[in-house]
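What follows is one structure encoded as structure tokens, with my remarks underneath.
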Amino acid sequence: MHDHEKRTPMRGWNSKAWEWRNVTENVACRPQHMYSPKSKLELIGAVKFAHEHNLPVRVAALGHSTSSLVPTTGVLIMTDNLQQIKVNEKKQTVWFESGVSIMQLEAELRKVGLCVPHSVLSREFFWVGCQSTNSHGSGIKYGGMNHFLIHADILDSEGIMRRYVKAGHKIEDEDTAAKNEAEGRPDIFHAVMSPLGMMGVIYAVTLQAEPIYKVKVTDIEIPFALDQGIPDDLRKLVYEKEAVEFNWFLGDKLWIHYTEPTKEELTMCACVSCCGCACASAFCGCCASDTKQGCLAVKDSWERLNEAFKTGAGQILLLPMLQHPHTTPLFTKFASASISAGTPSSPFQQVRWVPDAVHIMHLFYGTDIGVEFLEFGFQCDDDWNNVHQAWKVAVNKLREYNAKGKYPINALIQSRFTGRNDALLSPHNLKQEVEYATAYQKTPAKPTVICWIELVTFCKEGGASKDYEDYSKEVGQAWMKLSGHPHPHWAKRFKYIPGIIDHIHRVFRETNNGIERFLAIRDELNVDPHNRFVNPYLDDLFFAPRRSRHASVTEVEIKTTGPSTAS
Ligand SMILES: Cc1cc2nc3c(=O)[nH]c(=O)nc-3n(C[C@H](O)[C@H](O)[C@H](O)COP(=O)(O)OP(=O)(O)OC[C@H]3O[C@@H](n4cnc5c(N)ncnc54)[C@H](O)[C@@H]3O)c2cc1C
């Protein structure tokens, strides 16, 4: 198990420095061993090696998380060579190894008319990396990507494969005899839905796919005023349409994007590699080879150019702007103007296959420039007052910084909306003490809606500026005070916000007590008795508060049971 010298370098891997870095390059580590297994056996070997040498283990997918989830000093496993995919057309399921990207998954599913209709905006990411961090797209029908998970094979810290299958599903493969650890225990399955690598090394997963369908995509531009309140018609859109996004590119317009199922003819090319490729250009050439799906290249070209223009034109100024932050207003003005110029009419409508309907999916392609973001999710109040407050504080603070000649963010502020989520490490598995009854399914008239709001900035290698740090810290502290159990996105850096760890624990205690239940399940299953899957960051986040709580409880016990000083 010493093939790490021979491994193909991938993004994030600097073979000279023997160092792994995430894509934004704000997180790095120098593990003693790095492995890129090419098979299940090699993966098991890597975990057993760590076990035998008593070393910590972490896994890197594509390295897009900006929080320190991946670093380890022991064994770092890269899954980029684990790429098998098997689609079961009859059952509409897809089994795949953990190094498969969303784009690869979509391509295989599309061949047989299937899809997974909810995803993050970047197709390069590994599906398992996204699932592990509770990542999400937009649309209140689903609570996140992990909604589609029905099975996971995960190696425990001794390198033993554990199988977890969702209730009501059966996995038929060469390991049919494997025991389902989640049999009769939905809570165990909920623990593996978004485990941040703490339940072990995921070898493979199975998703329940759906027949692919077309959606009408509508883009509207309206004058930006979300800091003044959320207009009723926008709020209604979120409940009535399939997926809705509010994007503010820091100019005077708000870009609203929404989709709804349709039977109309496609206006975009149906070829997955074209719709997901990195070039985002009008004539990428791959349409020509896609005879099976029927090429719509000519019809498509204007729309593709339009999309590239909308999201790409502003990037021309990106590098100079990062060198000279005082040019940020020029950049954001240009970016906003290019968005307007690229949209010939408002509303602008297209018909696409649902996986191609993610809004700004080309925005981050091809730049290889770091991105920093702060994202919180919270349950919308009945009157959406907390959504208004979240926008108001982000916009007003930004204006205060701008007035002082400071430009803490240069890309956008965005809101997306999802439903609730069953994962134990999601606080939006709300108050489900008993049976995880889904409020959404039982009372569809009033679904639980989670608003995800994020500040996004492009940045130089090594992370964003001090101004970003100060601004996002202030906004984060204000977002922590919102109603609706606000909680930061696990993958997006937040630990620098004062009081955030206590806040997270409080939110979980007030909602589903998910952290304690997750940790108890780890203990019960004994998947990691020596905490080999827990790096110092995760220790600070999950274990240290527990230790100090236990310490203070013990202290109180000693004080209250000790000799009385009362006279
Ligand atoms: C440009 C950009 C756009 C983004 N868009 C969105 C978005 O639309 N919505 C959203 O919710 N988030 C978004 N994110 C955040 C992103 O979804 C997460 O950071 C996601 O985890 C990235 O996937 P990755 O493949 O890079 O995973 P990594 O960052 O490499 O890994 C993420 C976590 O998964 C664990 N992991 C990975 N593979 C395994 C395995 N086999 N076994 C056990 N643990 C494993 C890692 O240890 C780590 O804890 C975005 C990030 C960027 C940079």
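Would you check which residues across region 220-238 are without any contact (Cβ under 8 Å) to a residue 40 or more places away in the chain and crowded, with 18+ Cβ neighbours inside 10 Å and list them? Within region 220-238, Phe224, Leu234, Leu237 meet the criteria.
For Glu210, the requirement of being among the charged types (D, E, K, R), away from the ligand (no atom under 16 Å from the Cβ) and touching a Cys at 6+ places or on another chain (Cβ under 8 Å) is met.
Listed residues Val244, Val192, Val215, Val205; which is in contact with a strand residue (DSSP E or B) (Cβ under 9 Å, 6 or more places away or on another chain) and in a helix (DSSP H, G or I)?
On inspection, the qualifying residue turns out to be Val192.
Which one is nearest to Tyr537 (Cα to Cα) among residues in region 76-103 that are within 12 Å of the ligand (Cβ to nearest atom) and not in a loop (DSSP other than H, G, I, E, B)? Restricting to residues being within 12 Å of the ligand (Cβ to nearest atom) and not in a loop (DSSP other than H, G, I, E, B), the top hit is Leu76. Being touching a Lys or Arg at 6+ places or on another chain (Cβ under 6 Å) and either more than 12 Å from Phe246 (Cα to Cα) or assigned by TED's automatic domain parsing to the domain that holds Ile102 (or both) is the filter here, so list the residues in region 216-227 that pass it. Passing the criteria: Val217, Asp227. With the condition kept exactly as written, say whether any residue in region 137-145 is within 10 Å of the ligand (Cβ to nearest atom), touching an Asp or Glu at 6+ places or on another chain (Cβ under 7 Å), over 19 Å from Gln104 (Cα atoms) and not assigned by TED's automatic domain parsing to the domain that holds Asp528. There is at least one residue in region 137-145 that is within 10 Å of the ligand (Cβ to nearest atom), touching an Asp or Glu at 6+ places or on another chain (Cβ under 7 Å), over 19 Å from Gln104 (Cα atoms) and not assigned by TED's automatic domain parsing to the domain that holds Asp528.
A quick yes/no check of all residues on (1) at pLDDT 95 or above; (2) surrounded by fewer than 18 Cβ atoms within 10 Å (Cβ to Cβ):
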position: Ile504; (1), (2): yes, no
position: Asp523; (1), (2): yes, yes
position: Val527; (1), (2): yes, no
position: Phe533; (1), (2): yes, no
position: Ser548; (1), (2): no, yes
position: Glu557; (1), (2): no, yes
position: Thr561; (1), (2): no, yes
position: Ser564; (1), (2): no, yes
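Within region 50-67, track down each residue that is assigned to a loop (DSSP other than H, G, I, E, B) and more than 11 Å from the ligand (Cβ to nearest atom). Those that are assigned to a loop (DSSP other than H, G, I, E, B) and more than 11 Å from the ligand (Cβ to nearest atom): His53, Asn54, Leu55, Pro56.
Per the conditions (1) surrounded by fewer than 23 Cβ atoms within 10 Å (Cβ to Cβ); (2) part of a loop (DSSP other than H, G, I, E, B); (3) of a type outside the set (S, T, N, Q), the sole criterion not satisfied by Arg163 is (2).
Does Phe331 satisfy the condition of being within 16 Å of the ligand (Cβ to nearest atom) and either at pLDDT 70 or above or outside any strand (DSSP E or B) (or both)?
no
No other residue among Ala152, Ala107, Ala167 is at pLDDT 95 or above and on the phi < 0 side of the Ramachandran plot apart from Ala152. Taken as a whole, the structure places Val70 among residues that are modelled with pLDDT of 95 or more, within 12 Å of the ligand (Cβ to nearest atom) and outside the structural domain of Glu172 (by TED's automatic domain parsing).
Please verify whether Asp156 is over 22 Å from the mean Cα position of the chain (by Cα), surrounded by 18 or more Cβ atoms within 10 Å (Cβ to Cβ), among the charged types (D, E, K, R) and within 16 Å of the ligand (Cβ to nearest atom), treating the condition exactly as stated.
Criteria met by Asp156.
This table checks each residue for (1) farther than 24 Å from Val215 by Cβ; (2) modelled with pLDDT under 75; (3) in contact with a Pro (Cβ under 6 Å, 6 or more places away or on another chain); (4) not β-branched (Val, Ile, Thr).
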{"residue": "Cys380", "(1), (2), (3), (4)": "no, no, no, yes"}
{"residue": "Asn386", "(1), (2), (3), (4)": "yes, no, no, yes"}
{"residue": "Leu424", "(1), (2), (3), (4)": "yes, no, no, yes"}
{"residue": "Tyr436", "(1), (2), (3), (4)": "yes, yes, no, yes"}
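Might you check whether a residue that is in contact with a strand residue (DSSP E or B) (Cβ under 6 Å, 6 or more places away or on another chain), near the ligand (Cβ under 9 Å from one of its atoms) and in a loop (DSSP other than H, G, I, E, B) occurs anywhere in region 118-132? Looking through region 118-132, at least one residue is in contact with a strand residue (DSSP E or B) (Cβ under 6 Å, 6 or more places away or on another chain), near the ligand (Cβ under 9 Å from one of its atoms) and in a loop (DSSP other than H, G, I, E, B). For region 216-255, what are the residues that are aromatic (Phe, Trp, Tyr) and closer than 20 Å to Leu455 by Cα? Hits for region 216-255 are Phe224, Phe246, Trp248, Phe249, Trp255.
The values are calculated or read from the model by the stated rules, or taken from the named source; none is laboratory data. Everything quoted here is computed from the prediction, not taken from an experiment. Note that each Cβ is placed from the backbone with ideal geometry, even for glycine, and that neighbours are counted across all protein chains shown.
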